[in-house]
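I have placed the structure first, in the form of structure tokens, so that the comments after it can refer back to it.
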């Protein structure tokens, strides 16, 4: 079963509709597209699963289904997506190929390779951006969870347990490090995945104040050292 999993909030309806349309228009189809609505009740949209309970998990909401998947022992190819991106028609196909090349890993088209302790999370580690051309696959400690995929038979991150808002990427990296799961940023061309013109982003809102993220990055490196899973 191949699933797309998103979180959104009130005011993003126009962006979300375009994102969902791009996810429906795939050469390899999703079996389910799920959306978690943070803090509001949505209008009904056809062809997707809509979930809400009044809680606001920010970007962690895209992982809310994993508890039930673990409990029920279901196997999914789990795509975590963002509500403001336009995904190309061969996106699922390319991701599945990446999982086949790197079995047991988390694959993404965005990520960070952590370069050492006591560094600024956003500005002092090596970033691989989904907006840029990446000429070759690169091992990463932290994937970008708007463009990430993994198999739940290999790994089920417990991201909902955390209380940190707008930090799903580094929390995913921490869960991977705890489990000894490597990450890979896949090669791609600039413009293949397209952002929608939003005024807000986690990077814009948090890059200048990232003490917590930087602390988590240090913790990731400690786990990697313990597990002998350093990225080189």
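The values are calculated or read from the model by the stated rules, or taken from the named source; none is laboratory data. Bear in mind the structure is a predicted one, so any value in this text is a computation, not a measurement. Every residue, glycine among them, receives a Cβ derived from its backbone with ideal geometry; neighbour counts consider all protein chains shown.
Looking only at residues in region 199-221 that are surrounded by 13 or more Cβ atoms within 10 Å (Cβ to Cβ) and not in a helix (DSSP H, G or I), which one is modelled with the highest pLDDT? Looking at the filtered set, the residue picked out is 210. When residue 224 is tested against (1) under 15 Å from residue 113 (Cβ atoms); (2) at pLDDT 95 or above; (3) assigned to a helix (DSSP H, G or I), exactly one condition is not met: (2). Residues that are touching a helix residue (DSSP H, G or I) at 6+ places or on another chain (Cβ under 9 Å) and at pLDDT 95 or above do occur in region 37-46. For residue 193, the stated conditions do not hold, so it cannot be described as under 22 Å from residue 91 (Cβ atoms), modelled with pLDDT under 95 and surrounded by 16 or more Cβ atoms within 10 Å (Cβ to Cβ).
Among strands (runs of 3 or more DSSP E) entirely within region 76-182, having at least 2 residues that are without any contact (Cβ under 8 Å) to a residue 40 or more places away in the chain and in contact with a strand residue (DSSP E or B) (Cβ under 6 Å, 6 or more places away or on another chain) singles out 126-128. Scanning region 8-27 for residues that are closer than 19 Å to residue 76 by Cβ, out of contact with any strand residue (DSSP E or B) (no Cβ under 6 Å at 6 or more places or on another chain) and surrounded by 15 or more Cβ atoms within 10 Å (Cβ to Cβ) returns 20, 26.
Do the conditions hold for residue 33, that is, is it assigned to a strand (DSSP E or B), in contact with a strand residue (DSSP E or B) (Cβ under 8 Å, 6 or more places away or on another chain) and surrounded by 13 or more Cβ atoms within 10 Å (Cβ to Cβ)?
Yes.
Based on what the data block shows, is residue 5 surrounded by 14 or more Cβ atoms within 10 Å (Cβ to Cβ), under 22 Å from residue 161 (Cβ atoms) and without any contact (Cβ under 8 Å) to a residue 40 or more places away in the chain? Against the criterion (surrounded by 14 or more Cβ atoms within 10 Å (Cβ to Cβ), under 22 Å from residue 161 (Cβ atoms) and without any contact (Cβ under 8 Å) to a residue 40 or more places away in the chain), residue 5 does not qualify. If only residues of region 48-75 that are touching a residue at least 24 places away in the same chain (Cβ under 8 Å) and assigned to a loop (DSSP other than H, G, I, E, B) are counted, the one that is surrounded by the most Cβ atoms within 10 Å (Cβ to Cβ) is 65.
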